[in-house]
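To start, the structure itself, in structure tokens.
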Amino acid sequence: MASAVGSAASVSSSATSIARSRQAVSNAQCNLCHTCRSFPLHPPRAVAEIRKRLVTVSAAQQVRLVKTSLDTSSAATFSLSSTHLLTRPQRRTPSCSRVTQRRRASALVVCASVDAATVARDEVSDDYRSRPPQDVRVLVVGATGYIGKYVVRELVSRGFSVITVAREQSGIGGKAGKDQTKAELAGTEVRFGSVTDPASLAASLGDSKVDVVVSCLASRRGGKRDSWLIDYEATKNSMEVGRARGASHFVLLSAICVQKPLLEFQHAKLKFEQELMQRKDMTFSIVRPTAFFKSLGGQVESVKGGGPYVMFGDGQLCACKPISESDLAKFLADCVMEEDKVNKILPIGGPGEALTPLQQGEMLFRLLGQKPRFIRVPLGIMDFVISLLDSLTRFFPSLEDAAEFGRIGRYYASESMLIYDPKTGRYSSEDTPSYGTDTLEEFFRKVIKDGMAGQELGDQAFFS
Ligand SMILES: NC(=O)c1ccc[n+]([C@@H]2O[C@H](COP(=O)([O-])OP(=O)(O)OC[C@H]3O[C@@H](n4cnc5c(N)ncnc54)[C@H](OP(=O)(O)O)[C@@H]3O)[C@@H](O)[C@H]2O)c1
């Protein structure tokens with residue numbers, strides 16, 4: 001699946017030659033005018049860049065730009081006739097009384113030619129991957145979340161130049177103030193702003209340049225409106241604002257469950273994924289992890305205290321290859337630089353075989369040296385509660401999210417977090433890629449010893 005999606009993407013930011021760049025876009029249309037429908041020599045990104053520059057600088061500036069560029073540019077020549085430029089809408093033509101229409105047109109022609117060469121050459125030589133990490137500027141949004149914090153630490157430890165955006169009150173329940181947030185995101189340039197408001201986000205970044213955006217944003221609860229606000233809109237805002245500052249690659253923390261979308265947050269994530277994949281001016285790595293350790297550790301302390309292990313059905317309805325937060329952070333950080341992760345959807349789990357809830361419970365009792373004691377809850381109970389809440393929602397719309405939380409709980413109680421084959425309706429452990437070294441058993445041992453400190457579920461405790 002990953003390679004199929006990957007090959008569908010049309011742009012590679014890691015072009016190593018202009019020839020490769022030309023080939024990659026051989027079917028691209030010329031965006032400059034309507035008369036030219038096929039203009040194979042212009043990479044879409046170059047054309048977009050030319051267009052942007054032509055409308056933002058005056059003709060006189062362009063003539064200067066042409067002169068400068070001519071001195072330095074020998075990378076490539078692109079044949080762009082004046083016809084193409086003259087057919088552009090008049091309002092897009094820069095005004096300059098001292099430059100005649102004809103002169104302006106020819107200036108634009110040369111300028112566009114040179115710019116095309118320059119941009120194409122930039123694509124080659126200014127690939128951020130050729131720079132040392134300290135010169136690669138990574139913007140992390142969702143940095144204050146469970147995974148975001150680990151991603152930030154990983155990027156900082158790899159030497160990247162990291163900018164983070166946070167709310168003034170962040171973290172679970174908004175308990176962390178500015179100072180605490182700065183301490184937690186040490187090693188980064190912390191900017192305070194709102195990802196839900198493009199103007200605020202843009203202002204928080206000022207004119208800082210960005211090479212890569214990493215988004216670990218997620219609705220903290222998974223309610224309907226909030227999911228669209230964060231998993232779609234805020235993530236999209238981050239993409240736009242990052243792109244406007246030069247970002248050419250977007251790394252998205254998504255979820256493996258979007259492959260079988262039944263929940264609102266999954267639809268919101270999918271919509272963003274689709275828009276990201278359609279962009280011609282940015283590449284992407286969409287990371288779809290299986291379950292996090294924290295989502296499976298919620299019963300360790302109660303079982304340790306003598307309680308039963310609670311599971312749905314026979315405990316074999318759902319399975320996952322859990323991945324630790326630090327392994328996932330490493331994988332996400334790999335996506336910043338590694339070319340084999342560009343323009344791909346990357347489902348990812350932790351090491352070892354998939355584990356069902358029954359196997360997780362048995363492991364826990366074994367580690368605790370206790371006799372296994374399970375409570376099996378029929379899924380029908382959840383179905384009853386959900387349908388009750390759905391009926392009540394008709395009269396009390398404020399219960400809409402409660403019903404959605406019920407559906408989220410039911411989904412995780414019955415669907416595996418593994419690669420899904422829609423044709424057979426089966427999940428496959430073998431097809432789910434593994435990464436990292438941390439095991440759930442080690443995690444359970446740690447929680448038995450130290451408790452769940454640092455692994456708090458926050459609002460997600462409702463359905464975990
Ligand atoms: N749990 C699992 O087992 C699992 C498995 C696979 C995939 N996933 C996916 O992983 C993601 C969850 O990751 P996580 O646990 O790291 O998330 P998290 O701890 O809930 O963090 C969410 C991040 O988004 C930010 N955010 C949320 N609402 C915001 C708002 N209104 N304005 C500004 N920022 C906002 C939070 O900022 P604040 O700190 O300011 O709130 C925080 O930085 C989800 O997409 C989920 O689908 C989860």
Just to compare against my own numbers: the Cα pair-distance distribution for the stretch 344-464, 5 Å bins, whole % per bin, please.
2, 8, 13, 15, 19, 18, 13, 8, 4, 1, 0
Arranged by the count of other C-beta atoms within 10 angstrom, fewest first, what order do V162, V152, V300 take?
V300, V162, V152
With the cut-off at 30 Å, tell me which of the pairs K209/K321; K182/K269; K236/K344; K209/K330; K149/K344 have Cα atoms farther apart than that.
K209/K321
Mind giving me the FRET efficiency for D421 and R394? R0 is 45 Å, r the Cβ-Cβ distance, nearest 0.05 is fine.
0.80
On full extension of the chain, what length is gained from D207 through F192, given 0.36 nm per residue of separation minus the C-alpha to C-alpha distance?
3.9 nm
Tally Lys/Arg at +1 and Asp/Glu at -1 over every other residue whose Cβ is under 9 Å from the Cβ of K224; what's the total?
-4
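Fewest Cβ neighbours within 10 Å first, please rank H267, H249 accordingly.
Ranked by crowding around the Cβ, least crowded first: H267, H249.
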Could you calculate the contour length gain from F384 to D431, that is, 0.36 nm times the residue separation minus the distance between their Cα atoms, to one decimal place in nm?
13.5 nm
With label points built 7 Å along Cα→Cβ from the Cα atoms of K178 and R445, find their separation and express it in nm.
4.4
Please arrange S200, S391 by how many other C-beta atoms lie within 10 Å of their C-beta, fewest to most.
S391, S200
Pairwise label distance in nanometres, E339 with I375, each label 7 Å out on the Cα-Cβ vector
5.6
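Any read-out appearing in this document is the output of simple, stated calculations on the displayed coordinates, not a laboratory observation. Everything quoted here is computed from the prediction, not taken from an experiment. Don't worry about glycine lacking a Cβ; one is built from the backbone with ideal geometry, like all the others, and counts go over all protein chains shown.
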